[in-house]
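*Asks:* The structure under discussion is supplied below as structure tokens; questions concerning it will follow.
The values are calculated or read from the model by the stated rules, or taken from the named source; none is laboratory data. Quantities reported herein were computed from a predicted structural model and do not represent experimental measurements. All Cβ positions, even for glycine, are placed from backbone atoms using ideal geometry, and neighbour counts span all protein chains on display. For accessibility, only protein heavy atoms count, side chains too; no ligands or nucleic acids. Shrake-Rupley method; radii C 1.70, N 1.55, O 1.52, S 1.80 Å.
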Amino acid sequence: MMDDFAYSSVTQQLGISLSPSSVMTKNTQDGMTHFLVTPEKQPNYLNWCSALPSPSSSSPSSSNHRHSLSEGRDGVVVLPSSSSSISSRIPHWQESSHSKIVSTFQQYTRHETQLCTKVNLSLAADSTSLKQHGDFIRDLRQSILVSPMLHTGGTVFRGVDLSKQEISAIEGLGHFFFPSFTSTSVSRDKCYNKDALLVIKIGHNTRFGATMTPEFSPYAQDEEEVLLSCYTAMWLEKNEKVAGKHILTLALDDYGCSLQSLSEEPKSIF
């Protein structure tokens with residue numbers, strides 16, 4: 001959440017435009033902007049960010065990949081049926097060296113560039129500014145998918161300020177996506193001290209989290225970060241209030257991450 005002053009300052013400083021959507025609302029009474037979880041991947045994300053990474057951000061063929069490939073139930077792509085060979089449609093990014101992954105993570109973790117803030121606010125609001133960041137978002141998501149999570153599984157933590165409206169959306173859905181990339185820490189003591197604490201259970205073999213090593217981030221030792229992909233699906237297990245702080249226990253849903261809509265799941269017959 002943001003008040004009007006913070007909202008205006010941040011959007012002007014970053015040079016991005018955010019408009020109310022199904023994942024972002026502005027309350028005229030209290031002057032707050034609320035960023036909501038969602039049961040569905042949003043249209044601007046699907047349009048600009050969900051295909052395989054492009055060969056390069058400047059490649060003239062990148063738009064062809066964006067429109068000819070779409071995210072499928074496997075969480076990667078659906079290849080269109082055509083007479084051309086599949087190999088000719090796979091971007092060269094997949095064959096690039098480890099240096100591409102390192103470079104992508106370093107761009108994201110350099111706080112002074114504010115790229116991570118621009119990207120995550122655009123994702124949180126499903127802004128049209130995603131058109132400018134689509135190539136980078138695809139690269140970062142793919143880098144997470146192919147990089148190891150050295151943390152052996154269990155629990156990661158994130159401190160965050162949540163409004164009543166944002167908490168209500170989490171409780172109302174129970175199963176939802178976080179649209180933005182989510183920085184977490186394996187250490188409860190090293191996560192942000194905010195009015196709410198996310199306690200996230202993750203499996204040791206998840207594809208949707210990557211450990212930020214010193215090679216990836218200059219803050220690796222200080223933060224002990226595990227970076228979760230954008231549109232990571234979560235289950236809410238419980239919401240408690242301890243000493244005035246909301247503690248939300250969540251479980252990362254690997255299968256749900258691969259869906260465009262969580263309503264695609266088979267309904268239980270019990």
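*Asks:* What residue, of 227, 197, is in a strand (DSSP E or B) and under 19 Å from residue 34 (Cα atoms)?
*Replies:* Of the residues listed, the single one that is in a strand (DSSP E or B) and under 19 Å from residue 34 (Cα atoms) is 197.
*Asks:* Assess whether residue 269 counts as being open to solvent by 90 Å² or more (accessible area, probe 1.4 Å), of a type in the set (A, V, I, L, M, F, W, C) and either in contact with a Gly (Cβ under 8 Å, 6 or more places away or on another chain) or modelled with pLDDT under 95 (or both).
*Replies:* So residue 269 passes the test.
*Asks:* Scan the stretch 179-209 for residues that are open to solvent by less than 30 Å² (accessible area, probe 1.4 Å), at pLDDT 95 or above and in contact with a Ser or Thr (Cβ under 7 Å, 6 or more places away or on another chain) and jot them down.
*Replies:* 179, 181, 182, 199, 200, 208
*Asks:* Residue check: is residue 247 over 21 Å from residue 115 (Cα atoms), crowded, with 22+ Cβ neighbours inside 10 Å and out of contact with any His (no Cβ under 9 Å at 6 or more places or on another chain)?
*Replies:* No, not satisfied.
*Asks:* Please enumerate the residues belonging to the stretch 157-178 that are open to solvent by less than 40 Å² (accessible area, probe 1.4 Å) and farther than 19 Å from residue 256 by Cα. Talk me through it step by step, then tell me what you get.
*Replies:* Restricting attention to the stretch 157-178, the residues satisfying the condition of being open to solvent by less than 40 Å² (accessible area, probe 1.4 Å) are 157, 159-160, 162-163, 166-167, 169-170, 174-178.
The answer is 157, 159, 160, 162, 163, 166, 167.
*Asks:* Also: Find the residue count for the stretch 94-122, including only residues that are in a helix (DSSP H, G or I), in contact with a Leu (Cβ under 7 Å, 6 or more places away or on another chain) and modelled with pLDDT under 95. I'd like the intermediate steps shown before the answer.
*Replies:* Of all residues in the stretch 94-122, those in a helix (DSSP H, G or I) come to 94-95, 98-109, 111-113, 115-122.
Checking which are in contact with a Leu (Cβ under 7 Å, 6 or more places away or on another chain) leaves us with 104, 107-108, 117-118, 121-122.
In the following step, the residues that additionally are modelled with pLDDT under 95 were identified as 117-118, 121-122.
Total meeting the criteria: 4.
*Asks:* Now for a different question. Considering only the stretch 233-253, I want to know if a residue exists there that is under 24 Å from residue 133 (Cβ atoms) and of a type in the set (Gly, Ala, Ser).
*Replies:* Checked the stretch 233-253: at least one residue is under 24 Å from residue 133 (Cβ atoms) and of a type in the set (Gly, Ala, Ser).
*Asks:* OK, next. Would a scan of the stretch 140-147 turn up a residue that is out of contact with any Lys or Arg (no Cβ under 7 Å at 6 or more places or on another chain), at pLDDT 95 or above and at positive phi?
*Replies:* Among the residues of the stretch 140-147, not one is out of contact with any Lys or Arg (no Cβ under 7 Å at 6 or more places or on another chain), at pLDDT 95 or above and at positive phi, which makes the answer no.
*Asks:* Would you call residue 133 in contact (Cβ under 8 Å) with a residue 60 or more places away in the chain, open to solvent by 10 Å² or more (accessible area, probe 1.4 Å) and out of contact with any strand residue (DSSP E or B) (no Cβ under 7 Å at 6 or more places or on another chain)? Steps first, please.
*Replies:* Numbers: in contact (Cβ under 8 Å) with a residue 60 or more places away in the chain: yes; open to solvent by 10 Å² or more (accessible area, probe 1.4 Å): yes; out of contact with any strand residue (DSSP E or B) (no Cβ under 7 Å at 6 or more places or on another chain): yes.
Taking the combined requirement at face value, the residue satisfies it.
*Asks:* Of the residues in the stretch 240-259, how many are under 18 Å from the mean Cα position of the chain (by Cα) and outside any strand (DSSP E or B)?
*Replies:* Of the residues in the stretch 240-259, 7 are under 18 Å from the mean Cα position of the chain (by Cα) and outside any strand (DSSP E or B).
*Asks:* Mind counting the residues in the stretch 102-130 that are in contact with a strand residue (DSSP E or B) (Cβ under 6 Å, 6 or more places away or on another chain) and open to solvent by 30 Å² or more (accessible area, probe 1.4 Å)?
*Replies:* The total comes to 0.
*Asks:* If the Cβ limit is 6 Å and pairs must be 6+ apart or interchain, which residue in the stretch 169-183 that is under 12 Å from residue 253 (Cβ atoms) pairs with which residue that is part of a strand (DSSP E or B) and open to solvent by 20 Å² or more (accessible area, probe 1.4 Å)?
*Replies:* 174/236; 175/235
*Asks:* Now a separate question. So if I check each of 164, 201, which one is over 17 Å from the mean Cα position of the chain (by Cα), under 20 Å from residue 249 (Cα atoms) and among the basic types (Lys, Arg)?
*Replies:* After ruling out the rest, the residue left standing is 164.
*Asks:* Here's a follow-up. Restricting the first residue to the stretch 195-209 and requiring it to be over 10 Å from residue 155 (Cα atoms) and among the basic types (Lys, Arg), which pairs with a second residue that is open to solvent by less than 60 Å² (accessible area, probe 1.4 Å) and outside any strand (DSSP E or B) meet a Cβ separation below 9 Å and a spacing of at least six or different chains?
*Replies:* Going by the 9 Å Cβ cut-off, the qualifying pairs are 207/75; 207/144; 207/145; 207/149; 207/229; 207/254; 207/257.
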